[in-house]
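Engineer: Sharing a structure below in structure tokens format, with a few things to ask.
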Amino acid sequence: MSFTIAIDGPAAAGKGTISKAVAAHFGFGHLDTGLLYRAVGSRVLLGAEPAEAARALTAQDLSADGLRTAEVAQAASKVAAIPEVRQALVDFQRAFAMRAAGAVLDGRDIGTVICPDADVKLFVTASAEVRAMRRFKELQETDPSVALQAVLADVKERDARDMNRADAPMKPASDAVIIDTSDLGIDEAVALAILEIDKKRGTS
């Protein structure tokens with residue numbers, strides 16, 4: 001019997017790290033749905049038409065080089081606002097969610113649109129300033145010239161686009177548990193997520 005965990009939230013809130021740890025803890029499959037949009041965004045930067053790129057996406061595309069760059073992140077956020085792109089990727093995500101061995105999906109609209117009947121819904125968030133600092137430290141490893149203010153502006157721009165798009169805007173599901181990681185370490189955040197999941201599974 002499948003067990004689906006939906007983890008949503010804005011960029012750099014920690015949902016990816018939490019999702020991977022949760023999936024490993026329970027032995028479930030993990031899908032970073034943001035990679036789907038990054039892969040489409042990457043293709044669009046190379047000249048592809050967004051909806052066509054989404055329809056042609058394969059599992060191999062999710063391991064392509066360069067998907068974690070700031071340029072691809074911006075392109076991903078833009079293509080994610082296109083209804084035809086989102087629709088083309090829905091079936092891929094829903095099929096993964098029904099894995100018999102259990103599934104953890106993280107993204108922006110998993111609990112609200114992709115898997116509204118998920119067994120557990122978490123919304124992982126943090127202040128824009130905290131998230132910008134996390135992303136700034138990440139980016140500095142490869143680009144020492146990056147400026148914190150520019151990263152903060154980028155985070156706020158992506159938030160606005162993700163929250164205000166007409167199709168599947170980013171927001172917590174009405175029955176999602178909110179986890180604010182602004183003042184939490186990774187281990188604390190993961191432990192809190194596991195505790196909430198255990199409650200739903202009846203094992204806490």
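One line per residue, one yes/no per condition, for (1) of a type in the set (A, V, I, L, M, F, W, C); (2) at positive phi; (3) out of contact with any Leu (no Cβ under 8 Å at 6 or more places or on another chain):
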site: VAL146; (1), (2), (3): yes, no, no
site: ASP154; (1), (2), (3): no, no, yes
site: ALA166; (1), (2), (3): yes, no, yes
site: MET170; (1), (2), (3): yes, no, yes
site: ALA176; (1), (2), (3): yes, no, no
site: ASP180; (1), (2), (3): no, no, yes
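Yes or no, residue by residue, for (1) within 16 Å of SER77 (Cα to Cα); (2) at pLDDT below 95:
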{"residue": "LYS121", "(1), (2)": "no, no"}
{"residue": "VAL124", "(1), (2)": "no, no"}
{"residue": "SER127", "(1), (2)": "no, no"}
{"residue": "VAL130", "(1), (2)": "no, no"}
{"residue": "GLN140", "(1), (2)": "no, yes"}
{"residue": "PRO144", "(1), (2)": "no, yes"}
{"residue": "GLU157", "(1), (2)": "yes, yes"}
{"residue": "ALA160", "(1), (2)": "yes, yes"}
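Engineer: While we're looking at this one, here's another question. Of the numbered conditions (1) of a type outside the set (Asp, Glu); (2) touching a Phe, Trp or Tyr at 6+ places or on another chain (Cβ under 9 Å); (3) without any contact (Cβ under 8 Å) to a residue 12 or more places away in the chain, PRO144 satisfies every one except a single condition; which is it?
Structural biologist: Of the numbered conditions (1) of a type outside the set (Asp, Glu); (2) touching a Phe, Trp or Tyr at 6+ places or on another chain (Cβ under 9 Å); (3) without any contact (Cβ under 8 Å) to a residue 12 or more places away in the chain, the odd one out for PRO144 is (2).
Engineer: Under 6 Å between Cβ atoms, which residue pairs at least 6 apart in sequence (or on different chains) link something in region 68-89 that is more than 17 Å from VAL113 (Cβ to Cβ) with a partner that is of a type in the set (A, V, I, L, M)?
Structural biologist: Close Cβ pairs (under 6 Å, with a partner that is of a type in the set (A, V, I, L, M)) amount to ALA75/VAL44; ALA75/LEU45.
Engineer: Mind checking which strands (runs of 3 or more DSSP E) fall wholly inside region 13-127 and carry at least 2 residues that are hydroxyl-bearing (Ser, Thr, Tyr) and touching a Leu at 6+ places or on another chain (Cβ under 9 Å)? Full working, then the answer.
Structural biologist: On the way: elements: 29-32, 103-107, 120-125.
Those strands (runs of 3 or more DSSP E) do not exist here; none qualify.
Engineer: Select from region 47-71 the residues that are of a type in the set (S, T, N, Q) and surrounded by fewer than 13 Cβ atoms within 10 Å (Cβ to Cβ) and write down the one among them that is nearest to ARG135 (Cα to Cα).
Structural biologist: In the first step, residues of region 47-71 are kept if they are of a type in the set (S, T, N, Q); the result is 58, 60, 63, 69.
Next, from what is left, pick out any that are surrounded by fewer than 13 Cβ atoms within 10 Å (Cβ to Cβ): 58, 60, 63.
Numbers: THR58: 28, GLN60: 26, SER63: 21 Å.
Result: SER63.
To keep it simple, each residue is scored yes or no on (1) of a type in the set (Lys, Arg); (2) modelled with pLDDT under 95; (3) within 20 Å of ASP159 (Cβ to Cβ).
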residue: MET1; (1), (2), (3): no, yes, no
residue: ILE5; (1), (2), (3): no, no, no
residue: GLY9; (1), (2), (3): no, no, yes
residue: VAL22; (1), (2), (3): no, no, no
residue: LEU35; (1), (2), (3): no, yes, yes
residue: GLN60; (1), (2), (3): no, yes, no
residue: ARG68; (1), (2), (3): yes, yes, yes
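Engineer: So how many residues does region 13-46 have that are surrounded by fewer than 24 Cβ atoms within 10 Å (Cβ to Cβ), among the aliphatic types (A, V, I, L, M) and within 19 Å of THR69 (Cβ to Cβ)?
Structural biologist: Residues in region 13-46 being surrounded by fewer than 24 Cβ atoms within 10 Å (Cβ to Cβ), among the aliphatic types (A, V, I, L, M) and within 19 Å of THR69 (Cβ to Cβ): 4 in total.
Engineer: For THR142, indicate whether it is among the hydroxyl-bearing types (Ser, Thr, Tyr) and either assigned to a helix (DSSP H, G or I) or crowded, with 18+ Cβ neighbours inside 10 Å (or both). Even if it seems obvious, please write down each step before you answer.
Structural biologist: Numbers: among the hydroxyl-bearing types (Ser, Thr, Tyr): yes; either assigned to a helix (DSSP H, G or I) or crowded, with 18+ Cβ neighbours inside 10 Å (or both): no.
Taking the combined requirement at face value, the residue does not satisfy it.
Engineer: Another one. Return the pairs, sorted by first residue and then second, in which the second residue is of a type in the set (A, V, I, L, M, F, W, C) and in a helix (DSSP H, G or I), the first residue lies in region 157-168 and is surrounded by 16 or more Cβ atoms within 10 Å (Cβ to Cβ), the beta carbons are less than 8 Å apart, and the residues are 6+ apart or on different chains.
Structural biologist: These pairs meet every condition: ARG158/ALA73; ASP159/ALA128; ALA168/VAL113.
Engineer: What pairs come up if the first residue lies in region 192-203 and is without any contact (Cβ under 8 Å) to a residue 40 or more places away in the chain, the second is crowded, with 16+ Cβ neighbours inside 10 Å, and their beta carbons are under 7 Å apart, counting only those six or more places apart or on different chains?
Structural biologist: LEU192/ILE179
The values are calculated or read from the model by the stated rules, or taken from the named source; none is laboratory data. Given the structure is predicted, the values throughout are model-derived calculations rather than measurements. Cβ: placed from backbone, ideal geometry, glycine included. Neighbour counts: every protein chain shown.
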